[in-house]
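Peer 1: Sending over a structure as structure tokens; questions will come in a sec.
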Amino acid sequence: MQIVILARNPTDSMTDGFLPATERLGATVTLLTDGSDAHARTYAGRPAAPARILDCDVRDPFAVLGAVSRLPRPDAVFTNSDHLQTQAALAASYLGLPGKEWPATLRAKNKALMRRHLAEAGLDVVHSTELEPKDDPASLHDVPFPCVVKPREGVASEDVVLVADRDELLDHVRDIRGRRPEQTLVVEEFLDGPLHTLETVGDASGRLRVLGGFRTHLSPPPYFIEARMDWRATLPPGVQDAVLAQLTALGVGLGACHTEFVLQGDRPRLIEVNYRIIGDQGDLLMAELFDAPLFEWVLQAHLGSDVPVVASTRRHARLDYVYAQSGGVLRSAPPAIQAYGLRYQPMRTVGDTITLTHTNRDYLGLLRSIGADRASVDAAADAFLASHRWDVGP
């Protein structure tokens, strides 16, 4: 069995999730990437490493098609990258393999397309305006303040900011353009309310299975760093059905999907659709929580198999992300710890210089907690966080 995987930078999802799953499935992996050196270093000495790592401009769908066509015919083309879903979908379609529908991957990635498509389907209307690099933000009219400015194809809350008025809007657009001058931005109304996720896996038969989701807690405004996620097994049926209806309208089906939405009363309002598995170790937490082959399920869907998803548990889980709140040098932090349902992993090393990005790149460490119920998980996680220090100073 041959699987071609497209990737940019190495991730925990790939290193600790999908690559070990390919080994358990007996698959041989060819990795196409524009960062071959980083991947080679990451997988050195690991048993579940790709058989081949090949250089390719994976952002270019024509380069991907050319590279894949030169390989022995694979059984699947897969990616877990936000940036490469459309490229993988086109390659799979070209080869006649199971894959995501490329219009759906494009709608999920392009936030302006997502808004327009949902509005045209009569499912939700959000005030949203695209701001091309040449456009003057001062010319925007009828902006509903407060509003959110974000890159149209952005990920990981990078350059996503809440602005209160026109002066802040102009300042933040100028700041983003100073670093990313070619980026098209979206200016849209702020959807206030508790933030949730819905995690799904669709198989080749067209069935979309709901795994559950998380209640997400964010850093204080104006930024949107995920600070904590609490497992939530179920949603009210009407809410879940409404989210699934929007995903169906967008064309979401095959494979994993991580959807973020706010609840306004019983009305779910989509924030973004990430047409891949949840990251930042939320996927690893779910696999452990269910004690189930989650990564194999996703890969089996891309291999054309029905997915026997049976994901239920009476246990509770929580993710805590310790993030830097000021720049400087990381002076002290706890080491990796695993005990009594807790698994702490440092994300930065003592001595590292921290430059704030207001994204998940500011994470200093990550705590995964699993226990019999919410009370015991909260008590253990809160005690761990209170008994350790993360010092960032000059």
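The values are calculated or read from the model by the stated rules, or taken from the named source; none is laboratory data. From a predicted model like this one, the values you see are computed outputs, not experimental measurements. Heads up, the Cβs are rebuilt from the backbone with ideal geometry, glycines too, and the neighbour counts pull from every protein chain shown. Remember, those area values only see protein heavy atoms, side chains included, never the ligands or the DNA or RNA. Shrake-Rupley method; radii C 1.70, N 1.55, O 1.52, S 1.80 Å.
Peer 1: Please list, ordered by first then second residue, the pairs with beta carbon atoms under 8 Å, 6 or more apart or interchain, first in the stretch 91-117 and in contact (Cβ under 8 Å) with a residue 60 or more places away in the chain, second basic (Lys, Arg).
Peer 2: That search, which allows pairs on different chains as well, returns 92/100; 111/150; 111/152; 112/152; 114/107; 117/107.
Peer 1: Condition first: assigned to a loop (DSSP other than H, G, I, E, B) and either out of contact with any strand residue (DSSP E or B) (no Cβ under 7 Å at 6 or more places or on another chain) or closer than 21 Å to residue 295 by Cβ (or both). Now tell me which residues in the stretch 35-58 satisfy that.
Peer 2: To start, the set of residues in the stretch 35-58 that are assigned to a loop (DSSP other than H, G, I, E, B) comprises 35, 44-51, 56-58.
Answer for the stretch 35-58, where residues must be assigned to a loop (DSSP other than H, G, I, E, B) and either out of contact with any strand residue (DSSP E or B) (no Cβ under 7 Å at 6 or more places or on another chain) or closer than 21 Å to residue 295 by Cβ (or both): 35, 44, 45, 46, 47, 48, 49, 50, 51, 57, 58.
Peer 1: Kindly indicate the residue of the stretch 128-149 that is assigned to a loop (DSSP other than H, G, I, E, B), open to solvent by less than 70 Å² (accessible area, probe 1.4 Å) and in contact (Cβ under 8 Å) with a residue 12 or more places away in the chain and also nearest to residue 178 (Cα to Cα) among those meeting that condition. Break it down into steps so the answer makes sense when it comes.
Peer 2: First pass over the stretch 128-149, keeping only residues assigned to a loop (DSSP other than H, G, I, E, B): 132-136, 140-146.
Add one more test, that the residue is open to solvent by less than 70 Å² (accessible area, probe 1.4 Å), and what stays is 132-133, 135, 140, 143-144, 146.
Pick out the ones that are also in contact (Cβ under 8 Å) with a residue 12 or more places away in the chain and you get 132-133, 140, 143-144, 146.
Working: 132: 14, 133: 11, 140: 19, 143: 22, 144: 25, 146: 23 Å.
Ranking the candidates gives 133 first.
Peer 1: On the given criteria, is residue 230 part of a loop (DSSP other than H, G, I, E, B) and open to solvent by less than 40 Å² (accessible area, probe 1.4 Å)?
Peer 2: Values: part of a loop (DSSP other than H, G, I, E, B): no; open to solvent by less than 40 Å² (accessible area, probe 1.4 Å): yes.
Taking the combined requirement at face value, the residue does not satisfy it.
Peer 1: When the stretch 35-53 is examined, which residues are found to be farther than 22 Å from residue 284 by Cα, in contact (Cβ under 8 Å) with a residue 12 or more places away in the chain and open to solvent by 60 Å² or more (accessible area, probe 1.4 Å)?
Peer 2: Scanning the stretch 35-53 gives 51, 52.
Peer 1: For the stretch 287-308: of the residues being out of contact with any Phe, Trp or Tyr (no Cβ under 6 Å at 6 or more places or on another chain), part of a loop (DSSP other than H, G, I, E, B) and aliphatic (A, V, I, L, M), which is modelled with the lowest pLDDT?
Peer 2: Per the criteria, the residue is 292.
Peer 1: Give the number of residues within the stretch 306-340 that are open to solvent by 50 Å² or more (accessible area, probe 1.4 Å) and more than 23 Å from the chain's Cα centre (by Cα).
Peer 2: 11
Peer 1: Looking at 32, 6 in this structure, which one is farther than 21 Å from residue 281 by Cα, under 22 Å from the mean Cα position of the chain (by Cα) and not in a helix (DSSP H, G or I)?
Peer 2: 32
Peer 1: Tell me, yes or no, whether the stretch 342-360 has at least one residue that is open to solvent by 40 Å² or more (accessible area, probe 1.4 Å), of a type in the set (A, V, I, L, M, F, W, C) and at pLDDT below 95.
Peer 2: So far as the stretch 342-360 goes, yes, one or more of its residues are open to solvent by 40 Å² or more (accessible area, probe 1.4 Å), of a type in the set (A, V, I, L, M, F, W, C) and at pLDDT below 95.
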